[in-house]
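A short reminder: the numbers here are calculations on the coordinates, not readings from a lab. The structure displayed is predicted, hence computed values, not measured ones. Cβ sites come from the backbone with ideal geometry, for glycine too, and all protein chains shown count toward neighbours.
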Amino acid sequence: MQRTKFFLGGVLILASVVYLIFSSTKASAEYFMTVDEVKAEGTAIVGKSLRLSGAVLGDTIQYDPETLTLTFDVAHVSGDNSEIEAQGGLALVLYQAVNDPSRQRVTVTYVGPKPDLLRGEAQAIMTGKLGEDGIFYADELLLKCPTKYEQAVPEQSASK
C-alpha cells in the first residue's frame with residue numbers, strides 16, 4: 001500500500017512538471033512569418049506573438065521624436081536563405097522587394113529610439129503582434145543593412 005501511494009505521488013508530480021513545461025512553451029511560442037504569410041493568415045493571427053521579416057520601404061519611414069513612435073512599411077522577402085542566395089544574395093533580393101509594387105506590404109509601428117540602420121532596403125526582423133487594424137505592433141526591431149556587408153561579399157554588391 002505504501003509503495004502504491006509513493007508511485008502515484010511520483011506519477012502526479014511528473015505529470016504536473018510535464019504540463020507546466022508544455023503550457024509555458026506554448027504560451028511563449030513565436031511564429032516566424034514572412035509578409036505574404038501574414039497577409040494570407042489574415043485575422044487568424046491577430047494578437048498572437050509573431051516574428052516578422054521584410055524589406056523596409058524607405059519612403060514610408062516616419063518618426064516622431066516626441067513620442068518615439070516609428071512607422072514604416074515592409075515588403076515581402078523570402079524567409080529561406082538558400083532561396084535568397086539562389087536569387088543573387090540579400091542585397092539584390094531586398095532591392096527587388098522594395099522596387100516591386102506588386103509585392104505584399106505590412107505597416108509596422110514601433111515605439112522606441114530610431115535605429116541607426118533604419119533605411120530603405122534594410123531587412124527588418126521584428127517581434128510583436130498583429131493588430132486588428134492590420135498593423136504589426138513591434139516590441140523588438142532588428143535591422144540588417146546589406147550595404148554594411150558589401151565589402152564582405154563583393155560579388156553580391158557587384159550584382160546590385
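With +1 on the Cβ of every Lys and Arg and -1 on the Cβ of every Asp and Glu, and nothing else charged, how large is the dipole of the chain about its Cα centre, in debye rounded to the nearest 20?
Here the size comes out at about 860 debye.
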- Query: With point charges of +1 on the Cβ of Lys and Arg and -1 on the Cβ of Asp and Glu, referenced to the Cα centre of the chain, which listed residue (Ala86, Ser16, Pro65) lies farthest in the positive direction of the dipole?
  - Reply: Ser16
- To the nearest 10 degrees, how steeply does helix 2-27 sit against the main Cα axis of the chain, on a 0 to 90 scale? 20
- Item | Theoretical ellipticity at 222 nm over the chain - DSSP helices of four or more residues, -39500 (n - 2.57) apiece, nearest 500 | -10000 deg cm²/dmol
- Message: I want the antiparallel fraction of DSSP beta bridges within region 43-131, as a percent rounded to 5.
- Response: 95
- Over the alpha carbons of region 60-125, what is the largest minus smallest coordinate on each principal axis, giving the biggest first in Å? 43, 23, 15
- Message: Kirkwood hydrodynamic radius, the chain, all distinct C-alpha pairs: what's the number in Å?
- Response: 17.9
